[in-house]
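So the structure is just underneath, and the comments pick up after that.
The values are calculated or read from the model by the stated rules, or taken from the named source; none is laboratory data. Note that the structure is predicted; figures quoted are calculated from it, not measured. Positions of Cβ are generated from backbone atoms using ideal geometry, with glycine treated the same way; all protein chains shown enter the neighbour counts. Accessible surface areas use protein heavy atoms only, side chains included; no ligands, DNA or RNA. Shrake-Rupley method; radii C 1.70, N 1.55, O 1.52, S 1.80 Å.
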Amino acid sequence: MFLVPVNTSANTLKQLEDEVNKFTADLERKNNQIAANDAEVAEIKKKIADIECQISAIQNETAVLEQEIKESNVEIAEKSEQSKSLFQYIQVSEGENAYLEYIFGATDVTDMVYRMAIVEQLTEYNDKIMNELSQLVEENEQRKEELATKNKELEKLTDDLEAEQAKINAETAQIKDAMPSVEQQKKEAEKQIEYYERIGCGESEDIDSCQF
């Protein structure tokens, strides 16, 4: 029987069997590590998919906020024009005391009270609307900044996860590359054991001397 040389330091059949057991255990460890790596990569992919959903949601919310900011600014401009139009009919001069001139132009006390109420209501209405819209724009701008920061954090996390995934995949490829060599050594050692058993070598007998 022609034996393919095997990289071994075994001197006895028992030592050869121990090496086969070692190769078997090594292959099992490698397979277990590959399985663990595959499970970890699957978990990473799941996390990346979840992050991508979060990023998509952020982009959608940002688009909504930008539209709301745009609409609020338009409304502020419209309300400003409306207020100017509302005040025009009570302004009796170009001076800074237009409201006062309007009020003191009353024909009697009842008319004055009425005019004062109009001025007060219009002023309060204008201020209220402007403040609400300005506050909304400010809140939306702040939320946009928060979303932009969160988006950057998620993109950084995605990059880190993808780097970790690449590292694990490289390790798995390295393990797989080494497995054929281990499998080949195991097969050749098994052939050696079969041969020495066939020629009657004892378990503890020197394999070189038992052939003669």
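Residue 167 satisfies every condition listed in (1) within 19 Å of residue 22 (Cβ to Cβ); (2) in a helix (DSSP H, G or I) except (1).
So, residue 165, is that one within 30 Å of residue 53 (Cβ to Cβ), of a type in the set (S, T, N, Q), surrounded by 14 or more Cβ atoms within 10 Å (Cβ to Cβ) and touching a helix residue (DSSP H, G or I) at 6+ places or on another chain (Cβ under 9 Å) or not?
yes
When the stretch 44-80 is limited to residues that are open to solvent by 80 Å² or more (accessible area, probe 1.4 Å) and touching a residue at least 40 places away in the same chain (Cβ under 8 Å), the one that is nearest to residue 153 (Cα to Cα) turns out to be 52.
Can we say residue 191 is in contact (Cβ under 8 Å) with a residue 60 or more places away in the chain and within 17 Å of residue 22 (Cβ to Cβ)?
yes
Listed by first and then second residue, the pairs linking a residue in the stretch 9-28 that is of a type in the set (Phe, Trp, Tyr) to a residue that is open to solvent by 20 Å² or more (accessible area, probe 1.4 Å), with Cβ atoms under 6 Å apart and 6 or more places separating them unless they lie on different chains, are 23/185; 23/186.
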